[in-house]
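Below: one structure, written as C-alpha cells.
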Amino acid sequence: MTGSRKAGISAEAYQRLIANLPTLTGAVVRRLAGGLPFYRELPPEELAGDIVRATEMNIRLFARTVFEGRLPDDRELVELRTSAALRADEGVPLDIVIAAYHLGARVVWDEVLRERDDAEFLRTMHDLVMRYLEVVVPVVAAGYTEAQWTAPGEERFLLAALLGRGEAAALPAPAGAQLARSYVVLSLRVGRNSDEADAAVNTHIAARRKVRRLLAEAEMFAKSPVLSTVDDRGGLLLLPHDTAVERLGADDWRRLATLVEKMSSAAGAEVVAAAAVAVPNDVASAADLAREVLELVVVLEKPAGLYRLADVLLEYQLTRPGPARDELATVLAPLADRPDLLDTLRVYLGSAGNRRKAASELHVHPNTVDYRLARIAELTGLDPSDNAEAPRLAAAYAVRAVTKA
C-alpha cells in the first residue's frame with residue numbers, strides 16, 4: 001500500500017465512479033474515436049466489444065488506485081499485458097494503444113476533482129496518477145512488443161519439421177517442443193467478412209481480427225496451441241490429436257465438422273476446409289492431399305464446410321491425368337459457349353436431380369430447367385435426368401472444372 005486511506009478519494013466517490021463506469025467508458029471510447037482516426041476505422045464490433053472492455057478495465061483499475069492508494073498487483077497487470085497482446089495481434093499501433101490508457105486516466109482525474117481540490121489532496125492524487133502510468137504503460141508496451149516480435153520457437157520448429165520432407169522426429173528440437181501422436185491437417189479457404197467489405201473499416205485490422213478469432217476456436221477444440229500458416233484468405237492448420245490415425249471414427253469427423261462451423265461463425269466468414277490425418281512423418285504428404293482436395297472442392301463450387309477425400313473420391317480420381325480424364329474432357333465440349341447450360345448442369349447435379357430446388361437456386365422457372373436439361377441431352381448425347389447417364393456428366397463436369405481452373 002502507498003499512503004493512507006485518508007489520502008485517497010472517499011468510499012462514496014469511489015462508488016460513484018464504479019456506478020458511472022459505463023458512462024465514463026463510453027465517454028473515453030467516444031473521445032478515442034473522435035480524436036484518433038485509427039479508432040474510427042476499427043470494426044464496429046471491436047470498438048463496442050474488446051475496446052470497451054479494455055477501457056473499462058483501465059478505468060476500474062485506476063479508480064481502485066486512487067481509492068485504495070495502491071498500484072495494480074501482478075494479477076491485474078497480467079490482464080493489461082494480455083489485452084495489449086491482443087491489440088498487437090490485430091495490428092493496432094502501440095502509440096494508439098497507450099493513448100487510450102492516458103485518456104482513461106484523464107477522464108477519472110476529471111471526476112476526482114469534483115470531490116476535493118485542496119492542495120494536499122491534489123498532490124496525493126497527482127502522485128498516484130503518475131505512479132499508475134509509470135507502472136501500467138511499460139507493462140502494456142512489453143505485452144504489445146512480445147506479441148509482435150516474439151514467435152514461439154517450438155511452434156516454428158514443429159511447423160518446419162512436420163511440413164518438411166525429412167524425418168520429423170529425428171530433427172533437433174528446442175526445449176519444450178514435442179510432437180503429438182497424430183495431426184489433423186486442415187487446408188482452409190476463408191472468405192471475406194462484412195467488416196473487411198466495409199469501406200469505413202480498416203481492412204487490415206478486420207482481417208487480423210478474423211484470423212485471431214478463427215484460431216481461438218481451433219485452440220479451444222485442440223485444448224492446446226495449434227500450428228498454423230493461416231492468413232486472412234486461408235492456409236494450413238495442424239491440430240494435435242491423441243487418437244491414432246487408424247482409430248479416428250465418425251464421431252471424430254463430426255466434431256471436426258462442427259469445429260469448421262464454429263470457426264466460420266467466429267470469423268464471420270465462409271470457411272471451406274479439406275482434412276487429412278497423419279502421423280508426424282506423414283504430415284507433409286497429408287498437407288499436399290488436403291490442398292488438392294480443397295482445390296477440387298472449390299472449383300466444383302461445393303458449399304462451405306468440411307470435406308475429406310472420401311467425400312470427393314470419384315471426382316478426385318477422375319481428375320487425375322490420364323486417358324480417362326482426356327476422354328471425359330470432351331463430353332461437355334458442345335456446351336463450351338453455353339454458360340447457362342453449364343451452370344444449370346452444375347446446380348441440377350448438386351441438388352441430387354431435384355428440378356424445383358435447382359430452379360429456386362438458379363432463380364428461374366422449373367420449366368426453364370426442363371428446357372435446359374433437354375438441350376444438354378441433345379448437345380451431349382447424355383441425359384442429366386437419367387440415373388445411368390448423370391454420373392458420367394458429373395464426372396465430365398468435375399474434369400472440366402479442374403482443367404479450366
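Tell me whether segment 318-340 contains one or more residues that are among the basic types (Lys, Arg) and at pLDDT below 90. It would help to see each step written out before you state the result.
Filtering segment 318-340 for residues among the basic types (Lys, Arg) gives 320, 325, 338.
Add one more test, that the residue is at pLDDT below 90, and what stays is 320, 325.
Yes, that holds for at least one residue.
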- request: Considering only segment 87-98, state which residues are among the hydrophobic types (A, V, I, L, M, F, W, C) and either surrounded by fewer than 17 Cβ atoms within 10 Å (Cβ to Cβ) or within 11 Å of Thr145 (Cα to Cα) (or both).
  value: Ala88, Leu94, Ile96
task: Assess whether Ala286 counts as being in a helix (DSSP H, G or I), in contact with a strand residue (DSSP E or B) (Cβ under 8 Å, 6 or more places away or on another chain) and among the small types (Gly, Ala, Ser).
output: yes
message: Considering only segment 5-22, I want to know if a residue exists there that is farther than 21 Å from Met125 by Cβ, among the β-branched types (Val, Ile, Thr) and either touching a residue at least 60 places away in the same chain (Cβ under 8 Å) or assigned to a helix (DSSP H, G or I) (or both).
response: no
- prompt: Which one of these is surrounded by 13 or more Cβ atoms within 10 Å (Cβ to Cβ) and either in contact with a helix residue (DSSP H, G or I) (Cβ under 8 Å, 6 or more places away or on another chain) or at pLDDT 90 or above (or both): Arg165, Arg209?
  reply: Arg209
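Take Ala48 and tell me if it is modelled with pLDDT under 80, small (Gly, Ala, Ser) and assigned to a helix (DSSP H, G or I). Give the derivation first.
Details: modelled with pLDDT under 80: yes; small (Gly, Ala, Ser): yes; assigned to a helix (DSSP H, G or I): yes.
Taking the combined requirement at face value, the residue satisfies it.
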- prompt: Mind checking which residues of segment 340-380 are among the polar types (S, T, N, Q) and not in a helix (DSSP H, G or I)?
  reply: Ser351, Asn354
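The values are calculated or read from the model by the stated rules, or taken from the named source; none is laboratory data. Computed from a prediction, not measured in an experiment: that's the story for all the values here. In this analysis, Cβ positions are derived from the backbone assuming ideal geometry, glycine residues included, and neighbour counts consider all displayed protein chains.
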